[in-house]
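The values are calculated or read from the model by the stated rules, or taken from the named source; none is laboratory data. Small disclaimer: the values here were computed from a predicted structure and weren't measured. Glycine gets a Cβ as well: all are built from the backbone with ideal geometry, and neighbour counts include every protein chain shown.
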Amino acid sequence: MRMLTTAVNTLLKRENYLLQRHGFAQTVAQRTNSVHQTETKVPKIPPFSYSPPPYDGPSTAEIIAKRREFLSPALFHFYNTPLNIVEGKKQYVFDETGRRYLDAFGGIATVSCGHSHPEVVESVIKQLKLIQHSTTLYLNHTISDFAEALVSTLPGDLKVVFFTNSGTEANELAMMMARLYTGCNDVVSLRNSYHGNAAATMGATAQSNWKFNVVQVLFLSF
């Protein structure tokens, strides 16, 4: 160990000598200290005009206890003490203490317009006052109007829309369409990827947390 320490010190002295010889003023130690100082600087979040009202809901511990009791264990979090997010405004979310965070997650990339966007809120309220939900078996102009507006932004021959409720459904549909069109059932999936929690997408998912050893459905005649 003593010989190793001596060798390391010799190399550092040699590097410092070469740096100074070629006109570099900073030594290795100075550059290391500079890096450490840079790493400890936490950028400050810009000022924001909105402050949420005081939170009077259940505590983090109470929410965790209810999740464990009433929700599937498949819904897990990645933190020992996860954030208790109680409100969102534009690009920020707030915890129960009123602390503000920049939301770089966006509800797994689903809140693309920010939180509580006034135009989105107004449109949702307007539609809910008319009718909340029907079915595509009947007619309502809203879904076709939205499809028309959506395809107007798409390139080339992408002019037909199939709406789904989740990424799992979208990937299941994509795999089925690809197999029907090509006649090939093979699917290439990247290592450590996640594609969904249904039958086909689970087979293409390469993470054990979302894969289960289940038997496929058997069809019986009656």
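Do any helices (runs of 4 or more DSSP H) lying entirely in the range 122-205 carry at least 2 residues that are closer than 26 Å to ALA74 by Cβ and among the charged types (D, E, K, R), and which ones are they? Counting at least 2 such residues, we get 167-182.
Of the residues in the range 64-76, not one is modelled with pLDDT under 75 and basic (Lys, Arg).
One residue stands out among those in the range 136-167 that are loosely packed, with under 10 Cβ neighbours inside 10 Å, under 25 Å from GLY196 (Cα atoms) and not aliphatic (A, V, I, L, M): the one that is nearest to the chain's Cα centre (by Cα), which is ASN165. Filtering the range 72-86 to residues that are in contact with a helix residue (DSSP H, G or I) (Cβ under 9 Å, 6 or more places away or on another chain) and surrounded by 10 or more Cβ atoms within 10 Å (Cβ to Cβ) leaves PHE76, HIS77, PRO82, LEU83, ASN84.
For residues that are in a helix (DSSP H, G or I) and among the hydrophobic types (A, V, I, L, M, F, W, C), scanning just the range 105-121, find the one that is surrounded by the most Cβ atoms within 10 Å (Cβ to Cβ).
Across the range 105-121, the extreme among qualifying residues is VAL120.
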